[in-house]
Amino acid sequence: MDSPKHSLHDHLLLLLLLLFLLLSFSISDGNKIPRLGVHRRTIQSTDQPIKTMSESDSNSNNKDLHTFFYTQTLDHFNYRPDSYTTFQQRYIINFKYWGGANTTSSSPIFVYLGAEESLDRDLDIIGFLPDNAPRFKALLVYIEHRYYGKSIPFTSREEALKNASTLGYLNSAQAIADYAAVLLHIKKKYKAHKSPVIVVGGSYGGMLASWFRLKYPHITLGALASSAPILYFDDIAPEVGYYSIVTKDFKETSESCYETVRKSWDEIDKVASRPNGLSILSKKFKTCNELERSFDLKDYLDSIYAEAAQYNEPPTYPVSNVCGGIDGAPQSSDILGKIFAGVVAYMGNNSCYDLDEFNHPTETFLGWRWQTCSEIVMPIGHGDKDTMFPTSPFNLTSFTKTCKSLFGVQPKPHWVTTYYGGRDLKLILHRFASNIIFSNGLRDPYSSGGVLENISESVVAVSTVNGSHCLDILPAQKSDPEWLVMQRRTEVEIIEGWLTKYYNDLAVFKDQTRS
């Protein structure tokens, strides 16, 4: 948690870091890894101050939610004296539905693994746990990821983000070791040693859930990994997979919209090359600041289209919203006029448009920038004429140069597959893995790096043709389409099967112990 004793010097250091990160990000010529995250960013008018995710509305006033802090070890994998430094890690419990640990069945524990943001908004948006808790009489636990929200190592957020030496403890292996320590603490505290644990995560958190089951099978019975692109590493998944699905989503929504977007990039460059061209573009797109290069406008539009496709969920369907603006522009509109109408339809009718909208220095932006510059290196790019985007292949050399300028360290693009596996995944997981659900919506661009076919009887893929990013773990609504209802029902039935087998095994081993 932020200390009240921060000096002006600390705040100035953080401000300089934020400015440096923004500048370094903006001078990149691509190699952008689209954000993960269970839910879409909160889009706000540029006339209003931008809230960081930690300041977003939370469900903290819910009387059923109880907040605790666990004294967590900074470094689980070293025995240097400084590794024993601790910090306070937040976790939240909902006891409302729990059948207890002293019953014959030992009711289960459903655990949401927090990812690259504060837990606050997730408490409202993750519906899978409270929606299914009554059926299973489950204890609900939400654990915050280190370095996000209120789970900040060192003396302050400024200190934690200061440089690679302090940021070096922010990685997935440390995070899932944190989860293991917290869960063992909870099971001991509530005498729930025999209560089975099911972990749930979405996006990066979905990767963590699957990896947690692989690394800590003695702690968790099973994992629901929603929209987890665990194959988007080390060139296993196609580099252009993400943007190919974005393109497919737009083309299937509206052929004319797709064609307008596809033609717009050259038109932007054509206008930019004219005398006062950047000024013309700035006025046409009502940018809050004068454009200095056409790339910044194209990067902004890229972010809008990618986000709309990734979170293209009912009932709003953002891709339809963007295309409705483009196709519904006045007949007299030229290509860029139509594109701007799409921006207005998606972002709202603002007095001006901030082209840094997607790069504001929230804790998610800063922490995730480090994570993608260290181990979460996902080679995502635009191919040559195989998407509606201009050619922009992922360039590891350029990406490495940017990361070294930011943090002074070199990314490890092969570490995720070394530590967790990835190549020959079907064969490897078939041999030793069990009880993992990989769920995906095939309209989600990140499904191109997801597990889309069953690996064994208990390592299964549940996908829907029309689903979007993490849609299955969001709260159930009466308006949900039947295919989404069925996807969730299938997942619940699989988990129910795991629990039934667990309790049967428990009874068998109990009888054997007695005999």
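The set of residues in segment 275-293 being under 30 Å from Ser468 (Cβ atoms) and in contact with a helix residue (DSSP H, G or I) (Cβ under 6 Å, 6 or more places away or on another chain) consists of Phe285 alone. Hey, among the residues in segment 77-96 that are farther than 14 Å from Tyr190 by Cβ and hydroxyl-bearing (Ser, Thr, Tyr), which one's most open to solvent (accessible area, probe 1.4 Å)? The extreme case among them is Tyr79. For segment 357-373, check the following and say yes or no: at least one residue is assigned to a loop (DSSP other than H, G, I, E, B), modelled with pLDDT of 95 or more and not hydrophobic (A, V, I, L, M, F, W, C). No, that holds for no residue.
Screening the candidates Tyr169, Tyr112, Tyr179, Tyr148 for the property of being touching a Pro at 6+ places or on another chain (Cβ under 8 Å) and crowded, with 19+ Cβ neighbours inside 10 Å yields one hit, Tyr169.
Within segment 273-285, the residues that satisfy the criterion of being crowded, with 18+ Cβ neighbours inside 10 Å and of a type in the set (A, V, I, L, M) are Leu278, Leu281. The residues in segment 450-509 that are in a helix (DSSP H, G or I) and charged (D, E, K, R) can be counted, and the count is 9.
How many residues are hydrophobic (A, V, I, L, M, F, W, C) and under 23 Å from Asn31 (Cα atoms) if we restrict to segment 413-429? Here the count works out to 2.
Do we have Arg443 as under 25 Å from Lys32 (Cα atoms) and over 22 Å from the mean Cα position of the chain (by Cα) here? Judged against the criteria, Arg443 is not a match. Answer yes if at least one residue in segment 98-113 is closer than 30 Å to Gln477 by Cβ, modelled with pLDDT under 95 and under 20 Å from the mean Cα position of the chain (by Cα), and no otherwise. No: segment 98-113 contains no residue that is closer than 30 Å to Gln477 by Cβ, modelled with pLDDT under 95 and under 20 Å from the mean Cα position of the chain (by Cα). Of the residues making up segment 309-342, those that are among the polar types (S, T, N, Q) and within 31 Å of the chain's Cα centre (by Cα) are Gln310, Asn312, Thr316, Ser320, Asn321.
In segment 216-236, how many residues are of a type outside the set (Val, Ile, Thr), on the phi < 0 side of the Ramachandran plot, open to solvent by 10 Å² or more (accessible area, probe 1.4 Å) and touching a helix residue (DSSP H, G or I) at 6+ places or on another chain (Cβ under 6 Å)? Result for segment 216-236: 3. Can you confirm whether Trp498 is surrounded by 15 or more Cβ atoms within 10 Å (Cβ to Cβ) and aromatic (Phe, Trp, Tyr)? It is true that Trp498 is surrounded by 15 or more Cβ atoms within 10 Å (Cβ to Cβ) and aromatic (Phe, Trp, Tyr). Please work out if Arg423 is in contact (Cβ under 8 Å) with a residue 40 or more places away in the chain and of a type in the set (Lys, Arg). Yes.
Return yes or no: is Arg488 open to solvent by less than 60 Å² (accessible area, probe 1.4 Å), basic (Lys, Arg) and either under 16 Å from the mean Cα position of the chain (by Cα) or farther than 16 Å from Ile126 by Cα (or both)? The answer is no for Arg488. For beta carbons closer than 6 Å, sequence separation of 6+ or different chains, a first residue in segment 316-343 that is within 15 Å of Ser256 (Cβ to Cβ) and a second that is of a type in the set (D, E, K, R), the qualifying pairs are Val319/Asp249; Ile326/Lys338; Ala329/Lys338; Ile335/Lys263; Ile335/Glu267. Output the residues belonging to segment 389-443 that are touching a Cys at 6+ places or on another chain (Cβ under 7 Å) and part of a helix (DSSP H, G or I). Answer for segment 389-443, where residues must be touching a Cys at 6+ places or on another chain (Cβ under 7 Å) and part of a helix (DSSP H, G or I): Cys403, Leu406, Phe407. Scoring Val240 on the criteria (1) touching a His at 6+ places or on another chain (Cβ under 7 Å); (2) of a type in the set (Val, Ile, Thr); (3) open to solvent by 50 Å² or more (accessible area, probe 1.4 Å) leaves a single failure, condition (3).
The values are calculated or read from the model by the stated rules, or taken from the named source; none is laboratory data. In this text, all values refer to a predicted model and were calculated from it rather than measured experimentally. Cβ atoms come from the backbone with ideal geometry, glycine included; neighbour counts cover every protein chain shown. Heads up: the accessible areas ignore ligands, DNA and RNA and are worked out on the full protein's heavy atoms, side chains in. Shrake-Rupley method; radii C 1.70, N 1.55, O 1.52, S 1.80 Å.
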